[in-house]
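The structure appears right after this line, and notes come after that.
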Amino acid sequence: MGEVVFWTIMRAALTIPAVWILKEYINYPVWWLISVAAIYGIIIHPAIIHYRLFKEKNKETIESTLCSTCTNFDKTAVLCLLHDKHPTKDYLPCEGFDWEPKSTEKDNEDIFT
Ligand code: SF4
């Protein structure tokens with residue numbers, strides 16, 4: 001997930017100044033259209049595609065591993081918060097020894113929301 005955020009920030013850091021500089025050379029109404037198209041086409045759309053690929057790649061880990069039922073698992077980052085490592089469908093950082101079922105009220109809220 002960090003990779004998605006990093007490249008989105010990098011694209012934004014290049015696109016926004018370029019669009020700002022372009023403002024000096026073209027008509028204001030055209031500049032607005034180009035700005036919106038550039039921000040969507042260069043920053044937002046690639047970020048959405050990158051995020052979908054990330055979710056697809058980690059779908060099995062998020063939905064059907066021991067970690068997916070553990071209170072120490074952060075599904076948005078596909079990260080074991082206890083060991084600070086990324087589990088996969090074939091790799092559990094704790095090998096199952098530190099598994100804690102989601103059983104607190106907060107965890108149950110996460111499940112049903
Ligand atoms: S403690 Fe173990 S079961 Fe829980 S998220 Fe981490 S690696 Fe997975």
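Taking only DSSP H segments of four or more residues, each worth -39500 (n - 2.57), what value at 222 nm results for the chain once the sum is divided by all its residues, to the nearest 500 deg cm²/dmol? Could you put the intermediate results ahead of the total?
Numbers: 5 runs with 59 residues, N = 113.
Computed ellipticity for the chain at 222 nm equals -16000 deg cm²/dmol.
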Which whole-number percentage describes the relative contact order of the chain, with Cα contacts under 8 Å and a sequence gap of 6 or more? 21 percent
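Place a +1 charge on the Cβ of each Lys and Arg in the chain and a -1 charge on the Cβ of each Asp and Glu, then give the dipole magnitude about the Cα centre in debye, rounded to the nearest 20. Before the final figure, lay out the partial values.
On the way: 11 positive and 15 negative charges, 131 e Å.
Its charge dipole is roughly 620 debye.
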Taking the 0 to 90 degree range and rounding to the nearest ten, how far is the long axis of helix 45-57 tilted relative to the main principal axis of the chain, both from C-alpha atoms? 20 degrees
Please name which of TYR25, ILE49, LEU81 has its Cα lying farthest along the dipole of the chain towards the positive end, using unit charges on Cβ (Lys, Arg +1; Asp, Glu -1) and the Cα centre as origin. TYR25
What is the spin-label model distance, in nm, from LEU22 to HIS45 if the labels are put 7 Å beyond Cα along the C-beta direction? 1.3 nm
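None of the figures in this text is laboratory data; all of them are computed from the coordinates on show. Worth saying up front: this structure is predicted, and the values here are computed from it rather than measured. Cβ coordinates were reconstructed from backbone atoms using ideal geometry, including for glycine residues, and neighbour counts include every protein chain displayed.
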